[in-house]
Each structure stands twice: as C-alpha cells, then as structure tokens.
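Take a look at the structure set out below.
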Amino acid sequence: RSAMDAARQVVNFSAGPAKLPRSVLLQAQKELVNYKGLGISVLEMSHRTSDFLKIINSAETLLRELLNIPENYKVIFLQGGGSGQFSAIPLNLIGLKERRCADYVVTGAWSAKAAKEAEKYAKVNIVHPKLGSYTKIPDTSSWNLNQDASYVYYCANETVHGVEFDFVPDVRGAVLVCDMSSNFLSKPVDVSKFGLIFAGAQKNAGCAGVVVVIVREDLLGFALKECPIVLDYKVQAGNGSLYNTPPCYSIYIMSLVLEWIKNNGGAAAMDKLSSIKSHMIYDIIDSSSGFYVCPVEKKSRSRMNIPFRIGNVNGDEALEKKFLDKAVELNMISLKGHRSVGGIRASLYNAVTIEDVQKLAAFMRSFMQMHQS
Ligand SMILES: *Cc1c(COP(=O)(O)O)cnc(C)c1O
C-alpha cells in the first residue's frame, strides 16, 4: 500500500490542534505555491494588498453569515491564542465599571486559568461554591452575581474535562463573556446574548495562530492604559484587524474551513452531526456496565471532548495503555486524556466524520468484549 493510502486511513481524535477537513487541506495544498494564479503564496503576500483583504473579508463575511452576527458587533482576528484573551478580556473590559471586579464561572481547567490571569488586573469573584472536581456545571440557582462586576465570564466547553454548557446563562443584563474555543461553530448561537465571544481557531475552525473575537461595539474604548496595543480591541477593530501584521495564513485556512462549514449545511448541520457522533460514544459508555466510565454528569457532558476511564472509575492504567496502543495500531491517534486527568479523551470536532466515530465505536465494543470480566 502506498504511503498516501496509509495516511488517508489515520483517524485523528486530537483535542487541538485538531483534524481539518480533508478538502480544506487539499485546496490549501493546491493553492500553496501559486495562489489563484497570482504567482505567489498566501504565505508571502503583503497583508496590505487587495488580494489579502479579499481573504480576511471573506473570513469575516462567512463568520457573520454562519453565526448570524448582528451589525453592532465587531469581528476581529488576533494573535496570542485563547490564552491571550485571558489577559485581553480584563485589560479591555474591566474598565467598564468603576469597581474593577469581574464574575467568573469556573467549570474546568480553562476557565480556572482565565480567572487566575484576570486576578492580575481585576478583583475576581467566583460566582458559585468552588467545585471539588470538574464534572458538572454548578446549578445556576447557586450563582451569586455581583452587581458591580464589569462582566460575567464562562467557558462554553471545557476541552480538558469534557464539561459543556447546553444553555446560555441568564446574567440579568450583565455583560456576558464566553470562551467558545472548543465548541465554536458546532451549533448555532444567539450572539446578541453576549458582550463578547472568543475562539482560538485550532480546535474547530482552522489551524493555530489566530483567535476570533466577536465583540459588541459599545464595549470598545474602555481598555486600561497599560493594555498592549496589539490586544486593544478598539485599535484592532478600528484597523480591520490590521493594526499590525495579522496571522495571514491562519486566517486564510480559517476562511477555507468556514466555506467548508457553509457548504456542509452551516452551524445547524454541525449541531445535528455533533449530537449523532457524541451519542455513538456515550451510548457505548453508558451501556458498558461500568467498563467505560465518563465522570461528567449527564446533562453537562461535552459533545466535543469525551473523557472516559477504562476498567473502573479511577481507571485501570494498564488496560488504558493497552487501549491506546491498540488504537494506534488501528490508526486511531491522539486518544490519550489530558496529562492532568489521565485516561482517554476522544475529541469529535466538526471535521471528524461519522465514519471516523463508527471506527472508534466498533473498536470500543470489541475491546470491551475482550477485556470485560
Ligand atoms: C485550547 C483552549 C484554550 C487555549 O488556547 P491557546 O490557543 O492554546 O492559548 C482556551 N480555552 C479553551 C476552551 C481551549 O480549548
């Protein structure tokens, strides 16, 4: 078998950077050296040319279309990743109110990091009793929102712990800020409920290097004076994300992914697929009589990242190693759980197909038959 055929059979369940649609990679390959007959690559194109403006404008137009983004929101493309936004958010928004405090909902590793970073610039209030483990969303009736908070922050999908919101929290008119890095474009979203949404591209919308920020216009212009200018939303929005050189190639790849999503039925179609794919795996877990164990409470389970243990609730590490080794033999890669939680994690982003998930499901069934006592 040729190397090309072998490569085609690899199923990538990585949590990020993650699988991209094959057609996107092939188009990028085709256009790499000679972009649309211009004789140069996007990699060597000035960001001030009309050709690049077409690319960045197309990315923005597609995003606006796919998420139905209202006109009073700016779409900006920044660097620094999702983690850069952990700083940019307090630096830009804490000045919205005098008290310089912010409300955080902490449901996993990523929102915990965001809250910790915000403490450098703000008084941080965790709105709910602290969780002993990240396996659920604390009941919203237990949330204690602070009237003086400049914004309320949460993470829509915790990539490491597999906890996902299936609702938009009601924050009674406060400015709602959301990290959608790992479930961006996996379902339609009512942008008008948010003050700001951000998403790093490398999970569900492209490759590493660019983070999308969707921010309501009236929230611009409150940056602290010590906010780095490249992270200042007002400056970047005012310059069409071109205050300085943007991550041109990552924006180009994102535009291809957005086009692929549009051609495949948009966010609503991704929503249906996500539901089907994640149920295929959760159904096996739930009918395995405890052979597979997902620690997350059912109603907060992520459709994007499915963490589970094998053998018992704490995981039989020898059995889990066997599972991972066998999976690699079968060309299913990156199923190892995050180093902080161990076990297995299957990430089922938009580009992961039903066939990919069927392959994993079949393997999980046969592995269980061989090893269940
Ligand atoms: C990956 C991830 C981040 C961090 O992204 P970087 O680009 O590595 O900084 C933040 N939030 C969530 C939910 C993520 O999945």
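A few remarks follow.
- Cα-Cα pairs of the chain separated by more than 41 Å (percent): 14
- For the chain: relative contact order, % (alpha-carbon pairs under 8 angstrom, 6 or more apart): 22
- Cleavage-rule hits, trypsin sites (Lys or Arg not before Pro), segment 99-178, DSSP coil, Cβ neighbours within 10 Å at most 11: Lys120, Lys130, Arg172
- Loop-located GluC sites (Glu not before Pro) in segment 78-184, at most 16 other Cβ atoms within 10 Å (DSSP): Glu98, Glu119
- Taking every DSSP helix (H) stretch of at least 4 residues in the chain, weighting each as -39,500 (n - 2.57) and dividing the sum by the residue count yields a mean residue ellipticity at 222 nm of -11000 deg cm²/dmol.
- Taking every alpha-carbon pair under 8 Å whose residues sit at least 6 apart, segment 185-284 reaches a relative contact order of 32 percent.
- The amide H of His161, built 1.01 Å from its N in the peptide plane, has Ala109 as neighbours under 5 Å, considering only residues 5 or more places off or on other chains.
- For the chain, the antiparallel share of DSSP beta bridges with both residues in that region comes to about 55%.
- Neighbour-limited loop hits for GluC sites (Glu not before Pro), segment 1-80 (at most 13 other Cβ within 10 Å; DSSP other than H, G, I, E, B): Glu71
- Aspartates and glutamates with Cα under 16 Å of Lys123, excluding same-chain neighbours fewer than 8 positions away: Glu98, Asp103, Asp148
- Cβ-Cβ distance of Leu242 and Lys54, R₀ of 22 Å, FRET efficiency by 1/(1 + (r/R0)^6): the value works out to about 0.95.
- Under the criterion of Cα pairs below 8 Å and six or more residues apart, the relative contact order for segment 214-373 equals 18 percent.
- Of all lysines in the structure, the ones whose alpha carbon falls short of 30 Å from that of Lys321, not counting any fewer than 8 places away in one chain, are Lys19, Lys113, Lys136, Lys203, Lys277, Lys298, Lys299, Lys336, Lys359.
- Anchor Lys326: aspartates and glutamates whose Cα lies under 17 Å away (excluding residues fewer than 8 positions away in-chain): Asp316, Glu317, Asp356
- Gain on full stretching of the segment that runs from Thr353 to Arg64 - 0.36 nm per residue minus C-alpha separation: 101.5 nm
- Inter-label distance, Val10 to Ser192: 4.5 nm, where each label sits 7 Å from its Cα along the C-beta direction.
- Between Ala362 and Ser133, the distance separating the two model label sites (each 7 Å from Cα on the Cα→Cβ line) works out to 3.3 nm.
- Computed from the C-beta positions of Lys272 and Asn331 and an R0 of 35 Å, the FRET efficiency is 0.85 to the nearest 0.05.
- Of the beta bridges in segment 168-244, as assigned by DSSP with both residues counted there, near 60 percent are antiparallel.
Just so you know, all these numbers are worked out from the coordinates, no wet-lab data involved. Computed from a predicted structure; not experimentally measured. Glycine also receives a Cβ, built like all others from the backbone with ideal geometry; neighbour counts cover every protein chain displayed.
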